[in-house]
Amino acid sequence: MRMRKKPNLGPRMERCARFLVDMPGEHRGRWRELKPDAQAVWLELGCGKGRFTAEMAEQNPDVLYLAVERVPDAMIVAMERCAAKGLTNVFFVDGDAAQLRDYFAPDEVDRLFINFCDPWPSNRHAKRRLTHRDFLVLYRGILKDGGQIHFKTDNHDLFEYSLFQFPKAGYVLSEVTRNLHEHGVQGVMTDYEEKFHLLGTPINRCVGTKERLEREPEFHPIPGPDLHRAGENRPAGEMTEDTTPPEET
Ligand SMILES: C[S@@+](CC[C@H](N)C(=O)[O-])C[C@H]1O[C@@H](n2cnc3c(N)ncnc32)[C@H](O)[C@@H]1O
């Protein structure tokens, strides 16, 4: 996400300090202490300006809702939205999805949300996609068996590609749709989703459920965040790896 530098970021962050988890590694294995009565722990990756984050946390007060975002200029808007709603069940990590195993212990997360992640259309950058097999295997290390990944994107090629990645990483696909809002708006929209929906772009969605496996798929550690950050944008382009469309369910 390219963003203009937000003015007064420091003072705004200070005003939202109660939402920010400064040292996420120190909460590894202990996240539930932030909300001991939580029925579940849900984690959103790349929350951006947080329309989805704030609405989901508000609609699910029994859930401990966590959001990881690597651009503070976007995350501050999300935090201010949560502050405006007076939410107490949501916390933010200024961090990178590639580091999730440093932040969370095995089985600590019940559900992950990946919404409108950067598509990285060039094959050269495929490993940076948050739905690349290596990322999906990384998430296995923090998700419970039976835990789910809820994935939405406007990008057709990224979606088709991702449908092949989920099974490779030991997830069972369900709720596959290539036009989520065909018969009216479904569920909570993100900022990007609203924009694309209003432009008439169909929204793709699926759920991947973590299967218990006899043998875990081999984990290939993800390159550090600095490599991922370099030259990030949202370019249009073609994908050529594994994009044959599977059947809808
Ligand atoms: C295209 S925006 C979508 C934002 C929001 N999910 C929405 O749908 O409106 C992608 C967001 O993911 C964040 N992001 C991308 N890669 C990330 C990573 N590896 N770890 C954490 N955040 C990431 C970007 O900074 C950006 O805010």
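The values are calculated or read from the model by the stated rules, or taken from the named source; none is laboratory data. Given the structure is predicted, the values throughout are model-derived calculations rather than measurements. For neighbour counting, all protein chains shown are included, and Cβ atoms are generated from backbone atoms with ideal geometry for every residue, glycine included.
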Near pairs, Cβ below 7 angstrom, 6+ apart or cross-chain, from the stretch 95-116 (within 22 Å of Cys206 (Cα to Cα)) to any residue that is of a type in the set (Ser, Thr, Tyr) and at pLDDT 95 or above: Leu100/Tyr139; Leu112/Tyr139; Ile114/Thr131; Asn115/Thr190; Phe116/Thr153; Phe116/Thr190; Phe116/Tyr192
Matching option when the condition is within 14 Å of the ligand (Cβ to nearest atom), over 24 Å from Ala126 (Cα atoms), buried (at least 19 other Cβ atoms within 10 Å of the Cβ) and at pLDDT 95 or above, among Leu158, Leu180: Leu180
Residue count for the stretch 183-213, restricted to those that are more than 12 Å from the ligand (Cβ to nearest atom), under 22 Å from Leu163 (Cα atoms) and assigned to a loop (DSSP other than H, G, I, E, B): 7
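Yes/no matrix, rows are residues, columns are (1) modelled with pLDDT of 95 or more; (2) within 13 Å of the ligand (Cβ to nearest atom); (3) of a type in the set (Asp, Glu); (4) touching a Gly at 6+ places or on another chain (Cβ under 9 Å):
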| site | (1), (2), (3), (4) |
| --- | --- |
| Pro61 | yes, no, no, no |
| Tyr65 | yes, no, no, no |
| Glu80 | yes, no, yes, yes |
| Leu87 | yes, no, no, no |
| Pro119 | yes, yes, no, yes |
Single residue of Glu80, Glu33, Glu55 found to be farther than 26 Å from Leu138 by Cα, touching a helix residue (DSSP H, G or I) at 6+ places or on another chain (Cβ under 8 Å) and among the acidic types (Asp, Glu): Glu80
Residue in the stretch 213-224 that is at pLDDT below 95, of a type in the set (A, V, I, L, M) and surrounded by 12 or more Cβ atoms within 10 Å (Cβ to Cβ) present: yes
Residue match in the stretch 48-58 (condition: of a type in the set (Phe, Trp, Tyr) and within 14 Å of Met75 (Cα to Cα)): yes
Within the stretch 40-68, considering residues that are of a type in the set (Asp, Glu) and touching a residue at least 40 places away in the same chain (Cβ under 8 Å), the one farthest from Met23 (Cα to Cα): Glu55
Breaking point among (1) within 15 Å of the ligand (Cβ to nearest atom); (2) out of contact with any strand residue (DSSP E or B) (no Cβ under 8 Å at 6 or more places or on another chain); (3) touching a residue at least 40 places away in the same chain (Cβ under 8 Å); (4) among the charged types (D, E, K, R), for Arg28: (1)
